[in-house]
Amino acid sequence: MREDKNLPLRKGATQLVFGVGDPETEIVFIGEGPGYYEDQKGEPFVGNAGAFLNQLLSSAGLTRQEVFITNVVHHRPPQNRDPEPDEIKAYGLYLDQMIDIISPKIIVTLGRFSMGKFLPSARITGVHGKKFDVNWEGEDLVVVPMYHPAAGLRNPSVKEQTVEDFKKLPGILEEIKNKESSKKEEVEQMQLV
Ligand code: URA
């Protein structure tokens, strides 16, 4: 991505904000795009929304180090404007490769732009904190849409709701793992017959 001169937002940005965390994780979080502090530091979610995201992760028993956090665009849009569809598409080529390489069990979308990538017709008010089975480029994933942490900072009831939604993540992960191990057992028993 550093070499790719065609990435549409690179000219106005200080640096690439690729992603942070464990590339072998089971949970990937995808936000919108770098803001001022992320552009300065080269790391996603290090400003106010990032501080709240850290709190949300901790309420789910998780840390930044054990998940992977990235965005739908990896250069800061000018004046923090919304990313445009052609920009999301351009960075999406790389985001898809990240997802393919990490191969997570859960993708948590933070805000409407990353939700729109996996659940194009969903409305956040109706779906936040719920799990959706998605086949993404041939891979079975669970997508959990969440409100963007910045929305929680603006609205106390969204904040409270988002804390509750994050607390559901360990249970969702456990459920996926249980399903996988009973499927594996079933296959093993069939092989014995
Ligand atoms: N908001 C985002 O969506 N991403 C960041 O990295 C920071 C703030």
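All of the numbers you see were taken from the coordinates with simple rules; none came from a lab. All figures in this text were calculated on a predicted structure; none of them were measured in a lab. No Cβ is skipped: glycine too gets one built from the backbone with ideal geometry, and neighbour counts run over all protein chains shown.
Beta bridges per DSSP, both residues in region 103-166: antiparallel share near 50 percent. A straight line joining the Cα centroids of region 4-63 and region 114-161 runs 17 Å. Diffusion coefficient of the chain by Stokes-Einstein, Kirkwood radius over Cα pairs, 10 °C, 1.306 mPa s: 92 µm²/s. Legend: ranking of residues F68, F118 from fewest to most surrounding C-beta atoms inside 10 Å; resulting order F118, F68. Toward the positive end of the charge dipole of region 75-163, with +1 on the Cβ of Lys and Arg and -1 on the Cβ of Asp and Glu, the farthest Cα among P156, V134, I101 is that of P156.
Take every pair of alpha-carbon atoms less than 8 Å apart whose residues are at least six positions apart; their mean separation over the length of region 115-175 yields a relative contact order of 26 percent. When the pairs K105/K167; K105/K159; K130/K159; K117/K177; K41/K168 are compared against a 27 Å limit on Cα-Cα distance, K41/K168 fall above it.
Counting neighbouring beta carbons within 10 Å and listing from fewest to most, the residues K11, K130 come out as K11, K130. Quick check on the chain: of the DSSP beta bridges with both residues there, what percent are antiparallel, nearest 5%? If we restrict to bridges inside the chain, about 35 percent are antiparallel. When each of H148, H128 is scored by the number of other beta-carbon atoms lying within 10 Å, the sequence from fewest to most is H128, H148.
Counted as membrane-span-like here are DSSP H helices of the chain whose alpha-carbon atoms extend 20 Å or more along the helix's own axis and whose Kyte-Doolittle mean is -0.5 or above; these are 85-102. Give the relative contact order (percent, whole number) for region 28-141; include only Cα pairs under 8 Å separated by 6+ residues. Here the relative contact order equals 33 percent.
For region 79-193, the fraction of C-alpha pairs farther apart than 26 angstrom is 30 percent.
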